[in-house]
Amino acid sequence: MKKLMTGDEAVARGAWEAGVRFASAYPGTPSTEILENLVTYDGIQAEWAPNEKVAMESAIGAAIAGVRSMVSMKHVGMNVCADPMFTWAYMGVNGGNLIVTADEPGMYSSQNEQDNRNYAKAAKIAMFEPSDSQECIDMVKAAFDLSEEYDTPAILRMTTRVCHSKSIVETQERKEAAIKDWAPNPAKYVCLPAMSRKMRVKLEERLANLKAYSENSPFNRAEYAQQTAGKKIGVIASGICYHYGREVFGDDASYLKLGFTFPMPADLIKEFCGRMDQVYILEENDPYIEECVRMVAPDAEVFGKNIFPPYGEMTPDVIRKAACGKTLETIDFDHSKLINRAPAFCAGCPHRGLFYRLGKRKDIMISGDIGCYTLAAGKPYQAMDSTVCMGASISLGHGAQKAFDMGNSGRKVVTVIGDSTFFHTGINSLINTVYNGSNTVNIILDNRITGMTGHQENPGTGFTAQGDPTTLIDMEEVVRAIGIKHIKVVNPNDLEAVDAALDEYLALDEPSVIITRWPCVLKKFSQADLDEFEDLFATKDVVDPDKCIGCKKCLSTGCPAMNYHADEKKVVILPSQCVGCDVCAQVCPVGAIGKEA
């Protein structure tokens, strides 16, 4: 049956068709929709894990026990799961195992830009690179067959455009993969040094076999143009860059399309380059393919990162400008008339009140984390001084506090972390803070959902990936068990409560935790939410034009529901966006904001 699918949807479909029985992931753009689609298929136990390392280890366990398993994540998630992944490559599989990484050239929703093809090379794990949705299905299925045949995990490396672009696919029925028997086998699955040394030798033997597969893989193919005159132009590309190259160079060029890219097909590359006068290598980020090409075909005239940028997306315009010195004509317009619009918290976002008050304190350092709340770094709040990676806020803040104390600066550190991120890697960081006697104020933003990636469940929501009720991990109990003695739970929309908690805990010489608890305004509220939070559907706020003095202080809260009418010199609140959080009313100096009648 033909269907229109994104790459993420196709990966999920391919896993189902391949007989996968277990899948685990942590949400992160552009990979999130893989597991979200897996939960819709029968026969697969699909789970959200607290972090990518746990997801990887769970998938390893399932594969060892005999079922086909898959783990998926965005590119920075592979940094988190790298520890078990490198050793997993030594061990080999029982049931097949696939590791999906979704890289993000251009950093549209990521803190860095990294090329995870390098992980396949470093860990010596077989790697596939799909260029469209049909290849996502085909390669996932081929990867599981290869995994079991060659006794290796496999990597499927995707990029944003493959993940989110749609194309036609041909779907098939599920092919059940038998659950393989498990028996104790310490020589294969217990990585003590004496055993690992033997595994290391087998890893190289496996790699040699995979090199032979690469040279004959149906996913690596040369497409030669019928060229009778002029220079013979060749293009080598993988993933979405193959289609970009086709768009720019057309049918006059020959193409070497690489879909199985570790190990690289050295002989195929050498033969292709030998038949070309000039070779263009199209790849996003690192010169991964180019390094191999220059090594196996040193005499070829190669154009790679010497003309193409080493960062960002390799779009057709980028390729055309670098290779041809021109771009397509576009409509010209007056750029000076563009209005810059910074990203903002949603109207009624529970983070607004906290950061509005936190940003007023200039005697502190605010150590931030990864989530919607990272927007607090910008105007109007300017309430975040650092952001590195998931869970880093608490541990970075600990180190900074120790440094400030050494210098007797008197400066205090406030750390800020979301609920899902706290369960991801914040718990370990908080343990470190307590164990090493820091005195930071640590704020956990509990909006009852994983907000930034589109409302996935986490251990603090009380529901599984399928939406089934499960044990809710009580954040206060976890924090108390770690050893924190000073814990407050506040409504972040209550500015007085926020100030009082900050005043009290900033004066302490011990570590403390403030939990700001209010659900994300965009969340589909559960019955538990409705029972716990009485004012979720509060009456909207309105401005009394007779009282408003046009001071604009309410606008400093950054709420998109508020507009200033320059002619009347008054503020109005858009009723279509307001949820009645009352932050603006608490800020207004003349009491001009109240509830609608």
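Each of LEU156, LEU210 was scored by other Cβ atoms within 10 Å of its Cβ. Arranged with the fewest first, they read LEU210, LEU156.
Based on the Cβ-Cβ distance of LEU192 and THR539, what FRET efficiency does E = 1/(1 + (r/R0)^6) give at R0 = 56 Å, to the nearest 0.05?
Values: r = 65 Å, r/R0 = 1.17.
Efficiency, from the Cβ-Cβ distance: 0.30.
Can you give the local net charge around ALA538? Use residues other than it whose beta-carbon is closer than 13 angstrom to its beta-carbon, Lys and Arg +1, Asp and Glu -1. It would help to have the intermediate numbers written out before the result.
On the way: positive: LYS540, LYS595; negative: ASP494, GLU534, ASP535, ASP541, ASP582, GLU596.
Charge balance near ALA538 sits at -4.
If the Kirkwood radius is taken over C-alpha pairs of the chain, then at 37 °C and 0.692 mPa s the Stokes-Einstein diffusion coefficient equals 123 µm²/s. Taking 7 Å steps out from each Cα toward its Cβ at ASN306 and ARG221 produces label points 3.1 nm apart.
If the viscosity is 1.567 mPa s and the temperature 4 °C, what translational diffusion coefficient in µm²/s does Stokes-Einstein give for the range 351-404 when Rh comes from Kirkwood over Cα pairs? Rounded, D is 115 µm²/s. Between ASN563 and ALA597, the modelled label-to-label distance comes to 2.3 nm, taking each label 7 Å out from Cα in the direction of the beta carbon.
Once R0 is set to 22 Å, what does the formula 1/(1 + (r/R0)^6) return for the Cβ-Cβ distance between LYS485 and ARG361, expressed as a FRET efficiency to the nearest 0.05?
0.45
Sorting 468-474, 267-273, 365-371 by their mean Cβ neighbour count within 10 Å, with the most densely packed peptide first, gives 365-371, 267-273, 468-474. Once both labels are positioned 7 Å from their Cα atoms along Cα-to-Cβ, the gap between LEU574 and TYR108 label points is 2.3 nm.
Residue separation of THR470 and GLN527 scaled by 0.36 nm, minus their Cα-Cα distance, works out to 19.1 nm of gained length.
May I ask for the Kirkwood hydrodynamic radius of the range 2-216, worked out over all distinct Cα pairs and given in angstroms to one decimal? Display every interim value, and only then the final one.
Numbers: mean 1/r = 0.0590 Å⁻¹.
It works out to 16.9 Å.
Shape of the range 541-595 from the C-alpha gyration tensor: rounded (a/c under 1.5, with a ≥ b ≥ c the square roots of its eigenvalues).
You can think of it this way: the chain between GLU510 and ASP181 has 113.2 nm of extra reach, that is 0.36 nm per residue less the Cα-Cα gap. When you restrict to C-alpha pairs under 8 Å that are six or more residues apart and normalise by the size of the range 351-532, the relative contact order lands at 21 percent.
Report the FRET efficiency, 1/(1 + (r/R0)^6), for ASP332 and GLU247, where r is their Cβ-Cβ distance and R0 is 25 Å, rounded to 0.05. Provide the component values of the computation, followed by the final result.
Working: r = 23 Å, r/R0 = 0.90.
The pair ASP332/GLU247 has a calculated efficiency of 0.65.
Can you tell me the length gained on complete extension of the stretch GLU205 to ASP546, counting 0.36 nm per residue apart and subtracting the Cα distance? Could you put the intermediate results ahead of the total?
Working: separation 341, 0.36 × 341 = 122.76 nm, distance 8.19 nm.
Extra length from GLU205 to ASP546 when fully extended: 114.6 nm.
Compactness check for the range 50-139: Cα Rg over 2.2 N^0.38 Å is 1.08.
Could you tell me what percent of the DSSP beta bridges with both partners in the chain are antiparallel, to the nearest 5?
Values: 20 of 76 bridges.
In the chain, DSSP labels about 25 percent of beta bridges as antiparallel.
Here is the link list: LYS121/LYS257; LYS488/LYS523; LYS121/LYS326. Which ones come out longer than 26 Å on Cα distance?
Values: LYS121/LYS257 19 Å; LYS488/LYS523 24 Å; LYS121/LYS326 35 Å.
The answer is LYS121/LYS326.
When all alpha carbon pairs of the range 220-324 are counted in 5 Å bins from zero, the resulting P(r) reads 2, 14, 27, 28, 20, 8, 1, 0 %.
Computed from the coordinates by the stated procedures, all read-outs in this text should not be read as laboratory data. Computed from a predicted model, the values in this text were never measured in an experiment. Cβ coordinates were reconstructed from backbone atoms using ideal geometry, including for glycine residues, and neighbour counts include every protein chain displayed.
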